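Take a look at this one; I'll ask things after.
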Amino acid sequence: MNIRKTVLSTLLLTLALGASAADLLDTVKQRGTLKVALEGTYPPFNYKENGQLAGFEVELANALAQKMGVKAEFSTSEWSAILAGLQAGKYDVVINQVGITDKRKETFDFSEPYTLSSPQLIIRQNETRQFNTLADLKGKKLGLGQGTNFGEIAKAVGGIDIKTYPGSSEYLQDLALGRIDAALNDSLLIPYIVKKTKLPLKPGAPVGELEKSGIPFVKGNPQFKAALNKALADLQADGTFAKLSNKWFDRDVSKPPVAK
C-alpha cells in the first residue's frame, strides 16, 4: 500500500510539474487568440483612427497571429506600464517598437528583430539653433515618452532638462507650441510626422546607435519563441512584411537605414 501511495504521489507531482511548465504556445493555441498589447497612441506604429486601432504594428500583429493559426486580441496601455503588464501576465506579447536591450533581456525573451532604427531629434520647422548632438541640448528642454530607453540616453549626457510624457502626441504638441526645445524618438517615426501631421515639425539630427526592436514575452517558453520567429520569417519570405513596411514607411524597416 505504501508503495502504491508513493507511486501515485510521484505521478501526481510529475503531472503537476508538467502542467506548470506548459509552454505559452499551448495556451495561445487552446485559447485561439494571441493577446497583444500596444499603446495605441504611437503613429504610424499603432494608433486609433475613427475609434479603431490602425498602424504598421496592428497589421503586423494580425498577420503574425494568422501565421500562428490564431487571431490577434488587442489591449492598449500607456508605455510606462506596458512591460509591467506583460510581466504580470495580462497579455502574451507587446508589439510596440520595444528596443531589445540587455536590461530588458534579463526579464523577457524576445523575437528576432523586426525593425532597425536609431534615436533622432525632432525640432520645429523654424528652428535656427544648431542641435547636432544631445550635448547641444544642455540647459534646454527635451521631450520624450515615459519609460523609454531614450531617457537613459539623454540622462547619460547630463545637463538636459528632460520632460517625460505619456505618449508622443503630447510632447509633439508641446514642441510645436514652443514649450520644449526638441523631442527625441525613433527615426522611423519622424518621416510619418512630417508627411502625415500638420504640426510645424521636421527631422533633427540622429543622436544614437542603431537599435533593434523585437517582440518581448515572458521567459521560459521555447516553443512559443520558435513559433513566433517562424511566423515572422514566413512573413518576410512571402513578401507580406515588405509590403506592410513599404505601406507605412516607404522602405523595408527590417533592413538597416541607408544614409542619404
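The values are calculated or read from the model by the stated rules, or taken from the named source; none is laboratory data. Bear in mind the structure is a predicted one, so any value in this text is a computation, not a measurement. Don't worry about glycine lacking a Cβ; one is built from the backbone with ideal geometry, like all the others, and counts go over all protein chains shown. The accessibility values were calculated without ligands, DNA or RNA, using every heavy atom of the protein model including side chains. Shrake-Rupley method; radii C 1.70, N 1.55, O 1.52, S 1.80 Å.
Is it the case that some residue within region 42-55 is crowded, with 18+ Cβ neighbours inside 10 Å and in a helix (DSSP H, G or I)?
There is no residue in region 42-55 that is crowded, with 18+ Cβ neighbours inside 10 Å and in a helix (DSSP H, G or I).
Mind listing just one residue for me: the one in region 231-260 that is over 18 Å from the mean Cα position of the chain (by Cα), surrounded by fewer than 13 Cβ atoms within 10 Å (Cβ to Cβ) and basic (Lys, Arg) and, of those, nearest to Ala37 (Cα to Cα)?
So, considering only residues that are over 18 Å from the mean Cα position of the chain (by Cα), surrounded by fewer than 13 Cβ atoms within 10 Å (Cβ to Cβ) and basic (Lys, Arg), the one nearest to Ala37 (Cα to Cα) is Lys247.
Same structure again: How many residues are more than 17 Å from Asn46 (Cα to Cα), assigned to a helix (DSSP H, G or I) and either acidic (Asp, Glu) or touching a residue at least 60 places away in the same chain (Cβ under 8 Å) (or both) if we restrict to region 235-254?
Of the residues in region 235-254, 2 are more than 17 Å from Asn46 (Cα to Cα), assigned to a helix (DSSP H, G or I) and either acidic (Asp, Glu) or touching a residue at least 60 places away in the same chain (Cβ under 8 Å) (or both).
Taking only region 133-181 into account, find how many residues are over 30 Å from Glu49 (Cβ atoms), hydroxyl-bearing (Ser, Thr, Tyr) and touching a Leu at 6+ places or on another chain (Cβ under 7 Å).
Of the residues in that region, 0 qualify.
Please find, within region 83-120, the residue that is farthest from Arg179 (Cα to Cα) out of those that are open to solvent by less than 10 Å² (accessible area, probe 1.4 Å) and part of a helix (DSSP H, G or I).
Per the criteria, the residue is Leu86.
Which condition number in (1) more than 18 Å from Gly214 (Cα to Cα); (2) at pLDDT 95 or above is the one that Asp92 fails?
Evaluating Asp92 over (1) more than 18 Å from Gly214 (Cα to Cα); (2) at pLDDT 95 or above leaves (1) as the failure.
Residue pairs, Cβ under 6 Å, 6 or more apart or interchain, first in region 60-75 and in a helix (DSSP H, G or I), second open to solvent by less than 60 Å² (accessible area, probe 1.4 Å) and among the acidic types (Asp, Glu). List them.
As it stands, the answer is Lys67/Asp234, since those pairs meet every condition given.
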